[in-house]
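Asks: My questions all concern the structure below.
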Amino acid sequence: MDIRGIKYFISAAECLNFTRAAKECFITQTAMSQHIANMERELGFQLFRRNNRNVELTAAGRDFYEQMKLVVHGYDNAVRRSQSLANGGEGSVSIAVPSCIEGLVFMSRLRYFKTHYPTIKLSVGIVSPRYMVDRLRRGECDIAVSWPYDMADNDAVTVQNLGEFKSYLVCSSDHPLAAYKRVPLEKLAEEHFTMVDLQGMPATYRVMCSDWKRLGLTPPNEPTFDHVDRMEELLFRVNMDGIVALVPEYVRKNATGNMAFLELDVPNPPMFSLGAGYLTENPNPTLRTALDVLRDSRIPMNF
C-alpha cells in the first residue's frame, strides 16, 4: 500500500462507484476493483459492501476513510513544505553586518525579504569585519556583508559584489576643514585620522594602503591613526575628538550628529566595496533567496 493507492481508495469511498472513481484517477475500472481487493487482503478487513446495484462503505471502511484523509492531507502538506524548503521558500537564514550603518544601507532589501518571504526566519547581527570568515566557517552566519578582500582570499568562501561607494572625508561641523566643499589633499597632512581596525585583515589592509599611497597620504598603520571596532564608534570619535576619517558615501545618510561629509579634491577618490560572502558548500537553500534580494538592484539601497 502506498500513498497513490490510498488516494485511489479515498476516491472510491467518496464516489461509491468504482467506474467513476477509476475515471477520476485515470485508471481502468478493472484496475480500481483489483486495487481495492488487494488493499482489503493486506488490511485483513472489508472496506466495501458490493452488490449488483451499489457500493457502500463498511463501518471499518468508513473509519479507515476518515483516518486516511488525514494521512493524505498530512502527506500533501509535508510535500509542499519540503518542496518550498528545497526551493528556498522556508527555513531560516542569518546575515552578519559590520555595523548598524551597513544594516541601515540594506534595510529596504531586508524589509522586502521579510515581507515577501514570511516563512523564512531572517536574523541580522553585528560582527566585526575581522571575524566574518570565522563566523561563516563555524556556521554562525550564512551571509557576511563586509569588505570583500579577505573573504575573497579564503578558498572556502564565495563573494558576490553588492556595490562600490565613493569615499568622503568626515569631520565635525566645527572642524576647520568643514569650510571646504572639496578638501585639498595637502590640508590632510597634519590631521589625526581614525579608522576601523584592520587587524587580522591583511588583504583589506593592502588595498587601503595602496589607496592612501596613491593619494600621497600616510598609510593607515602609523601612530597618527586611532583604530576603532566599528563605524558607530568611528563617528562618535569624529564628533567628540575633532579627528577625521575617510568613509564610504552611504555613511552620510545613515549617520547622526554634527558632521560634515566632504569630497576630496582629487580626480579619482578611493572607492569602498561591499560584498556578500558565504561558504561555497553551505547547503542552506534559503541562502540563495537572501542573496538574490540583497543583490536586487530594483530595490534601492539607503544612501
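Asks: Going by the conditions given, is Glu263 within 31 Å of the chain's Cα centre (by Cα) and more than 22 Å from Asp153 (Cα to Cα)?
Replies: no
Asks: If you don't mind, another one. Test Tyr180 against the stated conditions and say whether it is modelled with pLDDT of 90 or more and surrounded by 14 or more Cβ atoms within 10 Å (Cβ to Cβ). Break it down into steps so the answer makes sense when it comes.
Replies: Working: modelled with pLDDT of 90 or more: yes; surrounded by 14 or more Cβ atoms within 10 Å (Cβ to Cβ): yes.
For Tyr180, the condition - modelled with pLDDT of 90 or more and surrounded by 14 or more Cβ atoms within 10 Å (Cβ to Cβ) - is met.
Asks: Exactly one of (1) touching a residue at least 60 places away in the same chain (Cβ under 8 Å); (2) assigned by TED's automatic domain parsing to the domain that holds Glu249; (3) among the aliphatic types (A, V, I, L, M) is unmet by Ala96. Its number?
Replies: Condition (1) is where Ala96 drops out.
Asks: Any residue in segment 51-65 that is among the aliphatic types (A, V, I, L, M) and within 13 Å of the chain's Cα centre (by Cα)?
Replies: Keep residues of segment 51-65 that are among the aliphatic types (A, V, I, L, M), which gives 55, 57, 59-60.
Next, from what is left, pick out any that are within 13 Å of the chain's Cα centre (by Cα): none.
So far as segment 51-65 goes, no, none of its residues is among the aliphatic types (A, V, I, L, M) and within 13 Å of the chain's Cα centre (by Cα).
Asks: Just checking, how many residues over segment 153-184 are part of a loop (DSSP other than H, G, I, E, B) and polar (S, T, N, Q)? Full working, then the answer.
Replies: Filtering segment 153-184 for residues part of a loop (DSSP other than H, G, I, E, B) gives 153-156, 173-175, 180-181, 184.
With the extra rule that they be polar (S, T, N, Q), the set shrinks to 154, 173.
Of the residues in segment 153-184, 2 are part of a loop (DSSP other than H, G, I, E, B) and polar (S, T, N, Q).
Asks: In segment 185-303, which helices (runs of 4 or more DSSP H) lie fully inside it and hold 1 or more residues that are crowded, with 16+ Cβ neighbours inside 10 Å and touching a Leu at 6+ places or on another chain (Cβ under 8 Å)? Steps first, answer last, please.
Replies: Numbers: elements: 202-214, 231-241, 286-294.
Filter on segment 185-303 gives 202-214, 286-294.
Asks: Also, I was wondering about something else. Does at least one position in segment 23-36 carry a residue that is among the aromatic types (Phe, Trp, Tyr), touching a residue at least 24 places away in the same chain (Cβ under 8 Å) and either surrounded by 12 or more Cβ atoms within 10 Å (Cβ to Cβ) or farther than 30 Å from Gly275 by Cβ (or both)?
Replies: Within segment 23-36, the subset among the aromatic types (Phe, Trp, Tyr) is 26.
With touching a residue at least 24 places away in the same chain (Cβ under 8 Å) added as a condition, the list becomes none.
No, segment 23-36 contains no residue that is among the aromatic types (Phe, Trp, Tyr), touching a residue at least 24 places away in the same chain (Cβ under 8 Å) and either surrounded by 12 or more Cβ atoms within 10 Å (Cβ to Cβ) or farther than 30 Å from Gly275 by Cβ (or both).
Asks: A follow-up question, please. Looking at this structure, is Ala78 of a type in the set (A, V, I, L, M) and either in contact with a strand residue (DSSP E or B) (Cβ under 8 Å, 6 or more places away or on another chain) or loosely packed, with under 15 Cβ neighbours inside 10 Å (or both)? Can you show your working first?
Replies: Details: of a type in the set (A, V, I, L, M): yes; either in contact with a strand residue (DSSP E or B) (Cβ under 8 Å, 6 or more places away or on another chain) or loosely packed, with under 15 Cβ neighbours inside 10 Å (or both): yes.
Spelling it out, Ala78 is indeed of a type in the set (A, V, I, L, M) and either in contact with a strand residue (DSSP E or B) (Cβ under 8 Å, 6 or more places away or on another chain) or loosely packed, with under 15 Cβ neighbours inside 10 Å (or both).
Asks: Just one of the numbered conditions (1) in contact with a Gly (Cβ under 6 Å, 6 or more places away or on another chain); (2) part of a helix (DSSP H, G or I); (3) over 18 Å from Met271 (Cα atoms) is not true of Met132; which one?
Replies: If we test Met132 against (1) in contact with a Gly (Cβ under 6 Å, 6 or more places away or on another chain); (2) part of a helix (DSSP H, G or I); (3) over 18 Å from Met271 (Cα atoms), just (1) comes out false.
Asks: Just name the residue that is surrounded by the fewest Cβ atoms within 10 Å (Cβ to Cβ) out of those in segment 156-177 that are among the hydrophobic types (A, V, I, L, M, F, W, C) and closer than 30 Å to Arg137 by Cβ.
Replies: Going through segment 156-177, the residues among the hydrophobic types (A, V, I, L, M, F, W, C) turn out to be 156-157, 159, 162, 165, 169-171, 177.
Subsequent filtering for residues that are closer than 30 Å to Arg137 by Cβ retains 156-157, 159, 162, 165.
Numbers: Ala156: 14, Val157: 21, Val159: 21, Leu162: 21, Phe165: 19.
The residue in question is Ala156.
Asks: While we're on this one: Any residue at all in segment 136-149 that's part of a strand (DSSP E or B) and exposed (fewer than 12 other Cβ atoms within 10 Å of the Cβ)?
Replies: Keep residues of segment 136-149 that are part of a strand (DSSP E or B), which gives 143-146.
From what is left, the residues that are exposed (fewer than 12 other Cβ atoms within 10 Å of the Cβ) are none.
Checked against the condition, which is being part of a strand (DSSP E or B) and exposed (fewer than 12 other Cβ atoms within 10 Å of the Cβ), segment 136-149 yields no hits at all.
Asks: Could you please give the count of residues in segment 181-220 that are among the β-branched types (Val, Ile, Thr) and under 23 Å from Val97 (Cβ atoms)?
Replies: 4
The values are calculated or read from the model by the stated rules, or taken from the named source; none is laboratory data. Note that the structure is a prediction, hence the values are computed from the model and not measured. Please note: Cβ atoms are built from the backbone with ideal geometry, for glycine as well, and neighbour counts cover all protein chains shown.
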